[in-house]
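Chemist: Below you'll find the structure I mean.
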Amino acid sequence: MIKTHSAKCILTMIAAACVLAACTSQQESPDPVAVQQEIAANLANEVDLVRSTVSDADRANRVVGLLRERDRVISRHVKELVTYRQDMAILNDDYDAKRESFDQLLSAYNTEREAAQKELLGIITAMKKQTTAKEWQVISKYQLKRLHPRQNVYPDVKGGG
């Protein structure tokens with residue numbers, strides 16, 4: 001039951017990241033540099049937490065590697081999401097755009113999104129295999145509390161996103 005709950009929580013986080021990243025109606029924009037610093041600090045703290053929680057150094061190193069892979073998948077997906085939003089805006093601006101063009105764009109994005117979600121689930125499963133139930137409980141609690149989906153998909157300041 002705990003594994004199912006954790007998987008549901010992670011899926012909810014992924015879905016929330018996609019939904020929140022699509023939201024554009026924010027009254028006051030946060031300072032992008034401060035947000036990037038907070039993200040970096042939270043991710044570094046997560047690595048420290050893994051190293052202090054997972055009792056075996058080899059297993060801890062494998063989990064840290066999986067965390068880095070997770071971050072790469074999320075980063076790649078955020079770029080895909082930004083591209084999708086830009087392409088959707090271009091289509092929306094085109095008065096003569098056909099429904100088929102929207103359907104093709106949405107289908108391609110949904111395929112990419114589903115692949116990213118499956119890849120993330122695989123990474124989560126691999127992390128769980130490297131930890132005990134007690135260790136995972138500590139790690140997942142931190143992830144749910146500190147790694148906010150909206151903040152983790154905030155565009156990189158240097159990228160002009």
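Chemist: Could you give the length gained by full extension between residue 31 and residue 112, i.e. 0.36 nm per residue of separation minus their alpha carbon distance, to one decimal place?
Modeler: 26.2 nm
Chemist: Pull out the extension gain between residue 38 and residue 137, defined as 0.36 nm times the separation in residues minus the alpha carbon to alpha carbon distance; nm, one decimal.
Modeler: Full extension from residue 38 to residue 137 adds 33.3 nm.
Chemist: Related question: Please work out the Cα convex hull volume for the stretch 34-149 and give it in Å³ per residue.
Modeler: Dividing the Cα hull volume of the stretch 34-149 by its residue count gives 102 Å³.
Chemist: Another question, then. Cross-chain or 8 or more residues apart, Cα under 19 Å: how many lysine pairs in the stretch 34-149 fit that? Count them up, please.
Modeler: Summing the qualifying lysine pairs gives 7.
Chemist: Once the other residues with Cβ under 14 Å from the Cβ of residue 104 are scored (Lys, Arg +1; Asp, Glu -1), what is the net sum?
Modeler: -3
Chemist: What translational diffusion coefficient, in µm²/s and rounded to a whole number, does the Stokes-Einstein relation yield for the stretch 30-98 at 25 °C and a viscosity of 0.890 mPa s, taking the hydrodynamic radius as the Kirkwood radius over Cα pairs?
Modeler: The Stokes-Einstein estimate is 164 µm²/s.
Every number here is computed from the coordinates shown, using simple stated rules; none is lab data. Because the structure is predicted, anything quoted here is derived from the model rather than measured. Cβ coordinates were reconstructed from backbone atoms using ideal geometry, including for glycine residues, and neighbour counts include every protein chain displayed.
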